[in-house]
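A quick write-up on the structure given underneath.
The values are calculated or read from the model by the stated rules, or taken from the named source; none is laboratory data. All values reported here derive from a predicted model rather than from experimental measurement. So basically every Cβ, Gly included, is an ideal-geometry build from the backbone, and we count neighbours across all protein chains shown. Side chains are part of the model used for accessible areas, which takes the heavy atoms of the whole protein and leaves out ligands, DNA and RNA. Shrake-Rupley method; radii C 1.70, N 1.55, O 1.52, S 1.80 Å.
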Amino acid sequence: MKIGIIGAGNIGGNLTRRLTALGHDVSVANSRGPETLTDLAKETGATPVPVEEAARGAEVVVVTIPLKAIPDLPAGVLDGAAADVAVIDTGNYYPQRDGRIAGIEDEGLTESAWTAREIGHTVIKAFNGTYAQDILDRPLPPGTPDRQALPVAGDDEQAKAKVRSLIDELGFDTVDTGTLADSWRQQPGTPVYGLRAGTDAVTKALSEASPERPADFRG
């Protein structure tokens, strides 16, 4: 597939490494410009591009930047993507870093629902509680005992299926968390956040989540 990655930090960089190794055509962008991605491009074969071009022709776009940077994305950042593009949101709301976001704090939007509203396109929430190094170190073939499972939420069932298939290709099982309105179950401070476990344990952790945002994650 053609995949665009917006954000070349720990998660974005390691997804670039794995997805190119699997043979996908990856374009990667960051806020500092493609000239700062030369080393990652040489290492992986990915194509460094401006943010405005990251989604061009892409069947999957990964948005992996701090929430405070979401409103600063260029208008029409998804223009030129495939008509059925699946947009993956890996982000988390950390008020100490992002400042207070009224849509989340006052309106009660989940973090990914807020992101979807800001970018004008529904998203699939995935990788938000995954340690970046695990993307490189912990993939296992399907059916392997102790294969790590990742929670995935979203409103678009076709896009969600595409993302879950891609995560399986990356070497991880998935558990469907539900819709974006349900995605609070995998936000920071919940039992599943950062959990390195298989499908059963992840499913149990999701069921034990509380919709009340922990005090440490309120602005």
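Among the residues of the stretch 68-84, are any modelled with pLDDT of 95 or more and within 23 Å of Lys204 (Cβ to Cβ)? Scanning the stretch 68-84 turns up no residue that is modelled with pLDDT of 95 or more and within 23 Å of Lys204 (Cβ to Cβ).
When each of Arg56, Arg17 is tested for being open to solvent by 30 Å² or more (accessible area, probe 1.4 Å), of a type in the set (Lys, Arg) and part of a loop (DSSP other than H, G, I, E, B), the lone residue that passes is Arg56.
Out of (1) out of contact with any strand residue (DSSP E or B) (no Cβ under 9 Å at 6 or more places or on another chain); (2) in a strand (DSSP E or B), the odd one out for Gly76 is which? Checking Gly76 against (1) out of contact with any strand residue (DSSP E or B) (no Cβ under 9 Å at 6 or more places or on another chain); (2) in a strand (DSSP E or B), the one that fails is (2).
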